[in-house]
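The values are calculated or read from the model by the stated rules, or taken from the named source; none is laboratory data. Being a predicted model, the structure only gives us computed values, none of them experimental. Neighbour counts are summed over all protein chains in view; Cβ atoms, including those assigned to glycine, are modelled from backbone coordinates with ideal geometry. Only protein heavy atoms, including side chains, enter the accessible area calculation; ligands, DNA and RNA are left aside. Shrake-Rupley method; radii C 1.70, N 1.55, O 1.52, S 1.80 Å.
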Amino acid sequence: MTTHKVHGNHSHAHGTGCGHVAITHAGHIDYVHDGHLHRQHDDHIDECSIAVDRANPGACTPSHDCGSHPKGHKHGAGCGHQAIPHGDHVDYLADGHLHYAHGDHCDDHGPIRVQHA
């Protein structure tokens, strides 16, 4: 039996054109909503997280050049990027990759396939 976290009291229907960024992972589409990943499952909404794995490692990458951002940009609440749950932490979606603020640098935690916004 597979267990998963159910997101209760969710009246919004996610789908094409709903206004939320959609990403593909683990063979399905999730919608980024308020720092969570939501997926329609039977009669409820699942709350998902990107697994720390070969495709999306959680390793420190101090040599990663976060050149897509202005110098001094720090990922975090209110930074302008979508928050994505990744294992036991939160990454930020930037240019199709998961970025993680780590000390004085930004780690690259791998690509994510963005479906639409």
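If you add up the charges near H64, with Lys and Arg at +1 and Asp and Glu at -1, over every other residue whose beta carbon is less than 11 angstrom from its beta carbon, what do you get?
Once positives and negatives cancel, what remains is -3.
For every other residue with a beta carbon closer than 14 angstrom to the beta carbon of A101, add +1 if it is Lys or Arg and -1 if Asp or Glu, then tell me the sum.
Net charge in that neighbourhood comes out at -3.
How much area per residue is accessible in the chain when the probe is 1.4 Å and only protein heavy atoms are counted (Å²)?
About 60 Å² of surface per residue is accessible.
Counting only trypsin sites (Lys or Arg not before Pro) that are in a DSSP loop and have at most 14 other C-beta atoms within 10 Å, tell me the longest site-free stretch of the chain.
1-53
Given an 8 Å cut-off on Cα distances and at least 6 residues of separation, report the relative contact order of the chain as a percent.
Reported as a whole number, the value is 27 percent.
Accessible surface of Y31 in the full protein assembly, 1.4 angstrom probe, to the nearest 10 Å²?
30
Count the net charge of all other residues whose Cβ sits under 15 Å from the Cβ of A13, scoring Lys and Arg as +1 and Asp and Glu as -1.
Result for the neighbourhood of A13: -3.
Whole-Hz Karplus ³J(HN,Hα) for segment 32-45, in order, using 6.51 cos²θ - 1.76 cosθ + 1.60 and θ = phi - 60°, x for Gly and Pro?
Values, residue by residue: 7, 9, 6, x, 10, 9, 10, 9, 5, 9, 6, 9, 8, 10 Hz.
So in the chain, which Cys have no other cysteine's beta-carbon sitting under 4.7 angstrom from theirs?
C18, C48, C60, C79
Leaving out ligands, DNA and RNA, and with a 1.4 Å probe, what % of the accessible surface on segment 32-101 is carbon or sulfur?
Its accessible area is 49 percent carbon and sulfur atoms.
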